[in-house]
Amino acid sequence: MTISIPSMGVAQGKDMDSVFFPDRPEVFQEALPSSASEEGASIYIIETESDPEALAVSVEERVDGARVRKVFPHIYNGFSVQLPPDKVSELSQLEGIERIDEIAYYEPYVDESVPFIGGTSGEISSLFTREDDQLTGKGVKVAVIDTGVDYEHPDLKGNYRGGFDVIDQDDDPMETRKEQGLPTLHGTHVAGIISANGKLKGVAPEADIYAYRALGPTGMGTTEQVIEAIEKAVEEKVDVINLSLGNTVNGPDWPTSIALDKAVKKGVVAVTSNGNSGPNLWTVGSPGTSAGAISVGASTPPMMIPYLITDSDRDEEIPVQPMQKAKKWDVKRSYPIVDVGLGREEDYEDVDPRGKIVLAKRGIISFTMKAKIAKAKGAKALIVYNHQPGEFAGMLEEPVDLPVVSVTKEDGERLTEKLSDNNQEHVRTIYRQEEDQIAPFSSRGPVTHTWEVKPDLVAPGVQIDSTVPSGYLDLNGTSMAAPHVTGAVALLKQKYPDWTPEQIKAALMNTAKTLEDSDGNPYPPHVQGTGRIQLDEALSVETLVYPGQISFGQWLKTDSRLEKEVRLTIENLSDKRKKYTVEPPFEVPDGIQWKVPFSTYIDPGDKQEVSISVDVFPSVFEEGIYHDRIKVVSGDEVTYVPYLFFVEEPDYPRLMSFMFEMADPNTYHYEVYLPGGAEELGIALYDPDTFRFITYLDVEEDVHRGMFEKNIEVKGVPTGIYKALVYAKKGEKEDTLEQMLYIGE
């Protein structure tokens, strides 16, 4: 049976305009590599169950204009092909074609933390392999699929063993240098966290690093490039792959997620960042949606956190997010604060910012320009508040010698109101020692469609110091959290070389520290997974329980009594026979009953599968998401297994990852990802200044789940930049995305 899945286009990550081209989405769009490498042609990823090389030859012979680019015979079992979009339907009719996806674009998810996770503690230094070698990651092959690695860095050159440059198709996976385009540093930073062995020490300082440059200048790459890098790494027989990259597509069946699942089945441990699109739920993106991979969110290591208070309200503390590449926020005394609108030159005409903190709204010009202007005007510091609800993590394009932080839209607007009432408002900074908080930018789960729990666990990802070309730099992101886990995997693999990816994943998840919010309540599993990695505990674990967390899926209130069963594997690693009991939550709401086995005895080195059933009357429950933890107990040893389930259709975003580009004069191509389909999908066009409605570019009904794409003709709209409101309705829920679009030649 031939299956045709609609193609997928650009998948922009969290705050990409603030990472590469702050607040200038139109510039960012110009910088993206086009999916059309030749006029009128796009690149598609094909999956097949037959011989991909033979099918690729057949496609070129039978589909006019088709040109096969790369074959992926080892992991993905498919190939990439370039052809005109109007030939996709013809391609889908060929026997052997299982799935068609247009390439998406990927970006990076941008030595105090090592001892914090138990990486250099006395417990670790006293642990050895069976051959009495100290645990350092020695002999373990780690693939870093990223922007390349500066293998000449003194902290990395001793561990670098090779790799491949997918971008340039050669054996030199060096980071992008200035003469090649916008330089990169991300992969070098990731590699340093894993196995730096010099001035800085990584988690596994003697692990072998293999670099695969899949993201080129500007740090962007495609599905095709990422899959090719995965294939190369598996061919090289690496033990673990680190992918600190992703897109915003929350779908379990996206090609990179599928490729990682297949790599895991071949025995390779895959570690991927969960994404930087938090703090909202459902923001995990591919390949973090891979069921087999270890998906990692970001938490905070021990650090001094700044909060702002005003003279008029000293009880209200405003949390701030330092911007990367700005001067460290180290403000010691009170300063007056002034509102400078959007922070442009003209916004300072009636404002004297000298010796003051300036407050600017995000938008129109880049964070870097706002900072440079504020610095030139004599400001002491800059606060940028969001233009949409919630927090954001920003980054300057280049270093600026001025403290710059971001705050939420809500806090920023409260400050502007105070300033409108009182021109003499002052702001001071207080500092609090904090640790083990979930970073606000860390993407949350669950995964759409399968309702799986992600992330699997969290690791430090805030102000992480590591290697970069020609030096060192601290960065934020789940990109920094994932390599902490990858280094931990290398140590586990050195100690237990015969362990499967599932056993290694269980060891890390079962021993993680449960994190709590500021009110003392545990973060939900779809926020923290099982908790923050504790490497020393994982290396000395005596019991494994897997899977490490459970989803019972979805019920409708109209459903009658339902029972769902899951099976847990309990493995006894100790040298003693152990008795295990499975204990569901004692305090359960009406309408739910648990069925668990009686005590289970397991001999040393053995494992046993046990059944857990939940018996539910959905009509008793309110609509929403429910979660808690099951305990597996053996004496004083307790392993927690989080679970969740949904009543009624979950409240996930009805659309994400919108892309709009010119195909031909007056013809535009758009793509949007719909996790659950839509009863109605539309694009409304507005004047960006007056917000006057102009026209609907398109309206569709009963749209299928997944990526929807279409070519539309646009007539009667004058050349210019417009605000587009993309909306999707399903049931009683409607979600929207706003984006600036350019219409014209």
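The values are calculated or read from the model by the stated rules, or taken from the named source; none is laboratory data. On a predicted model such as this, the values are computed, not experimentally measured, just so you know. For neighbour counting, all protein chains shown are included, and Cβ atoms are generated from backbone atoms with ideal geometry for every residue, glycine included. Accessible surface areas use protein heavy atoms only, side chains included; no ligands, DNA or RNA. Shrake-Rupley method; radii C 1.70, N 1.55, O 1.52, S 1.80 Å.
Go through the range 531-549 and count every residue that is within 22 Å of V614 (Cβ to Cβ), under 21 Å from the mean Cα position of the chain (by Cα) and open to solvent by less than 10 Å² (accessible area, probe 1.4 Å).
Of the residues in the range 531-549, the ones within 22 Å of V614 (Cβ to Cβ) are 545-549.
Filter once more, keeping what is under 21 Å from the mean Cα position of the chain (by Cα): 548-549.
Add one more test, that the residue is open to solvent by less than 10 Å² (accessible area, probe 1.4 Å), and what stays is 548.
So the answer is 1.
Filtering the range 219-260 to residues that are surrounded by fewer than 24 Cβ atoms within 10 Å (Cβ to Cβ), at pLDDT 95 or above and either under 18 Å from the mean Cα position of the chain (by Cα) or basic (K, R) (or both) leaves K232, K237.
Can you find even one residue in the range 211-218 that is surrounded by 24 or more Cβ atoms within 10 Å (Cβ to Cβ), within 17 Å of the chain's Cα centre (by Cα) and in a strand (DSSP E or B)? Checked the range 211-218: no residue is surrounded by 24 or more Cβ atoms within 10 Å (Cβ to Cβ), within 17 Å of the chain's Cα centre (by Cα) and in a strand (DSSP E or B).
So which of T736, T695 ends up being under 26 Å from the mean Cα position of the chain (by Cα), farther than 22 Å from D86 by Cα and at pLDDT 90 or above?
Unique residue meeting the criteria: T736.
In this structure, E563 qualifies as at pLDDT below 95, acidic (D, E) and open to solvent by 60 Å² or more (accessible area, probe 1.4 Å). Answer yes if at least one residue in the range 684-707 is in a strand (DSSP E or B), of a type in the set (F, W, Y) and surrounded by 21 or more Cβ atoms within 10 Å (Cβ to Cβ), and no otherwise. Within the range 684-707, not a single residue is in a strand (DSSP E or B), of a type in the set (F, W, Y) and surrounded by 21 or more Cβ atoms within 10 Å (Cβ to Cβ).
The numbered conditions (1) modelled with pLDDT of 85 or more; (2) open to solvent by less than 20 Å² (accessible area, probe 1.4 Å) are all true for K631 except (2).
Taking the options V338, V320, V331, name whichever one is within 18 Å of T408 (Cβ to Cβ) and either surrounded by fewer than 18 Cβ atoms within 10 Å (Cβ to Cβ) or among the aliphatic types (A, V, I, L, M) (or both).
On the way: V338 fails: within 18 Å of T408 (Cβ to Cβ); V331 fails: within 18 Å of T408 (Cβ to Cβ).
None of the other options fit; the residue is V320.
In the range 660-671, which residues are modelled with pLDDT of 85 or more and crowded, with 17+ Cβ neighbours inside 10 Å? Walk me through it before giving the result.
At the first step, the residues of the range 660-671 found to be modelled with pLDDT of 85 or more are 660, 667-671.
Passing the criteria: F660, Y668, H669, Y670, E671.
Taking into account only those residues within the range 157-171 that are more than 21 Å from A196 (Cβ to Cβ) and in contact with a Lys or Arg (Cβ under 9 Å, 6 or more places away or on another chain), which is surrounded by the most Cβ atoms within 10 Å (Cβ to Cβ)? Please lay out each step first, then the result.
So in the range 157-171, the residues more than 21 Å from A196 (Cβ to Cβ) come out as 164-171.
This time we only want the ones that are in contact with a Lys or Arg (Cβ under 9 Å, 6 or more places away or on another chain), so: 164-168.
Details: F164: 24, D165: 19, V166: 26, I167: 21, D168: 15.
The extreme case among them is V166.
Note on the range 385-466: no enclosed strands (runs of 3 or more DSSP E) hold 1 or more residues that are touching a Gly at 6+ places or on another chain (Cβ under 6 Å), more than 30 Å from P650 (Cα to Cα) and open to solvent by 20 Å² or more (accessible area, probe 1.4 Å). Scanning the range 363-371 turns up no residue that is among the hydroxyl-bearing types (S, T, Y), assigned to a strand (DSSP E or B), surrounded by 17 or more Cβ atoms within 10 Å (Cβ to Cβ) and touching an Asp or Glu at 6+ places or on another chain (Cβ under 9 Å). If I filter the range 714-722 for residues that are charged (D, E, K, R) and over 19 Å from T667 (Cα atoms), do I get at least one hit? Looking through the range 714-722, none of the residues is charged (D, E, K, R) and over 19 Å from T667 (Cα atoms). Of all residues in the range 54-98, those that are buried (at least 20 other Cβ atoms within 10 Å of the Cβ), under 28 Å from the mean Cα position of the chain (by Cα) and closer than 22 Å to K710 by Cα total 2. Would the range 179-187 turn up any residue that is open to solvent by 20 Å² or more (accessible area, probe 1.4 Å), touching a strand residue (DSSP E or B) at 6+ places or on another chain (Cβ under 9 Å) and either modelled with pLDDT of 95 or more or assigned to a loop (DSSP other than H, G, I, E, B) (or both)? So far as the range 179-187 goes, yes, one or more of its residues are open to solvent by 20 Å² or more (accessible area, probe 1.4 Å), touching a strand residue (DSSP E or B) at 6+ places or on another chain (Cβ under 9 Å) and either modelled with pLDDT of 95 or more or assigned to a loop (DSSP other than H, G, I, E, B) (or both). One residue alone among A512, A488 is within 19 Å of I209 (Cβ to Cβ) and modelled with pLDDT of 95 or more, and that residue is A488. Considering the range 93-174, the qualifying strands (runs of 3 or more DSSP E), each wholly inside and each with 1 or more residues that are at pLDDT below 85 and farther than 19 Å from L243 by Cβ, run over 97-102. For the range 708-745, the set of residues classified as open to solvent by 80 Å² or more (accessible area, probe 1.4 Å) and hydrophobic (A, V, I, L, M, F, W, C) consists of I721 only.
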